[in-house]
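Notes for the one structure printed next.
FYI, it's all coordinate maths here, none of it is from the lab. Bear in mind that the values here come from a model prediction, so they are computed numbers and not experimental data. No Cβ is skipped: glycine too gets one built from the backbone with ideal geometry, and neighbour counts run over all protein chains shown.
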Ligand code: HEM
């Protein structure tokens, strides 16, 4: 790629290999005005970290990016409103609730899917496991019927497409808006019912949670559940696929993880750094701000390239290499807002589901390794990644020896 030309995040070359483009951007074009998305594109680690951490970078971009399909969610809130509403939901995703209520749900859903292919010696891990597992977990956690899985899968695919619709395709917009209406018709009667008769499930927790007299409205609960399908489904799906791909591509590291399962969080964290599920997150500064390469005017959209920041050589030695033992990735804080990678964002919107995702990965990867010995790529080589906004292989065909 010619260093004189700024890479175009909507070009076919970029979709094929964003990592080469990220290098050119970090080195020679740290601030690009990208007309088709009407946004500034930033790629250096220090700029992306600032955009996530400094309050001047608001998340008002979600007013148009997500609110039309979800309704108003914590993603677009700030200040006291954000902290109150985030606290209402956060406890369900950590500590006692996570360990006691949801670990059995995670174990059961993962084991059930593995049972479907464990005896066969081959699997497309994306189709038969990764796209189903996290969404089944959320649906189960919410206390909704898993038999509606296909419905949820269709909804989250159209919502995700709406979010990633950088080129403004009208059909994608229409499908996203139709999904919002369908989801509302589906969920609001269930929310009303759980308000009256709460159980132990996550939806009941959301219906009854209260801090200083503040409760979530029915619309807010519906919006949050809709957000969960995307935020917790697509992302974790891609994370599992990429962790397995990275491990199978590095047999000695796969062996280390097989022998010592306490290395799974490190393999996951290194995957989040090298091949993150979410490559782009937007922000909207409330005032003019100086970043590498110039000024971003108040109110403009900034596209923060997580995938580029996470490979910045100023931050990580040998950044394009997968190394679950790397000393420059802080493994002890990789799932907290003190992380030194950007895959979960940072600051006040740091992913509320990071610990849930880690638990799903710990259980899922461990169960997969228990069931599958001698794992190889069926096609002889690692499959290519796919996607610009979110990214992972579209299929991961593996051949293995079933364990007895
Ligand atoms: C590997 C898996 C995951 C990745 C890579 C990921 C990534 C992210 C990122 C980048 C953000 C920040 C968005 C922004 O600031 O604009 C975020 C926020 C969020 N995530 Fe995750 N996520 C994952 C798993 C989950 C799971 C399992 C859940 C819940 C079921 C979840 C729920 C949320 C929510 C509710 C927010 C909004 C937090 C706020 O605005 O305060 N995520 N996630």
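Miscellaneous remarks
- Between residue 127 and residue 212, the FRET efficiency estimated from the beta carbon spacing at R0 = 35 angstrom works out to 0.15.
- Packing around the peptides 127-136, 286-295, 175-184, taken as the average count of other Cβ atoms within 10 Å per residue, puts them in this order, highest first: 127-136, 175-184, 286-295.
- If the chain linking residue 78 and residue 90 were pulled fully straight, counting 0.36 nm for each residue of separation and taking away their Cα-Cα distance, it would gain 2.8 nm.
- Least to most buried among 341, 386 (fewest other Cβ within 10 Å first): 386, 341
- Considering only alpha-carbon pairs that sit under 8 angstrom and 6 or more positions apart, the relative contact order computed for the chain is 25 percent.
- Using a cutoff of 8 angstrom between alpha carbon atoms and counting only pairs six or more residues apart, the relative contact order for the stretch 86-200 works out to 15 percent.
- Theoretical FRET efficiency, 1/(1+(r/R0)^6), r = Cβ-Cβ of residue 397 and residue 288, R0 41 Å, to 0.05: 0.25
- Over the stretch 345-404, Cα pairs under 8 Å with separation of 6+ residues give a relative contact order of 33 percent.
- Centre separation in Å (Cα based) which lies between the stretch 334-365 and the stretch 1-53: 24
- Cα centroid separation - the stretch 124-158 against the stretch 190-207, whole Å: 20
- Among 24-33, 359-368, 323-332, sorting by the average number of other beta carbon atoms lying within 10 angstrom of each residue, highest first, gives 359-368, 24-33, 323-332.
- Rg(Cα) / (2.2 N^0.38 Å) computed for the stretch 94-245, rounded to two decimals: 1.13
- For the pair residue 120 and residue 147, a Förster radius of 25 Å applied to the C-beta separation gives a FRET efficiency near 0.55, rounded to the nearest 0.05.
- Nitroxide proxy distance, nm - points 7 Å out along Cα→Cβ at residue 192 and residue 100: 3.2
- Simple label model, 7 Å out from Cα along Cβ direction - residue 174 to residue 67, nm: 2.5
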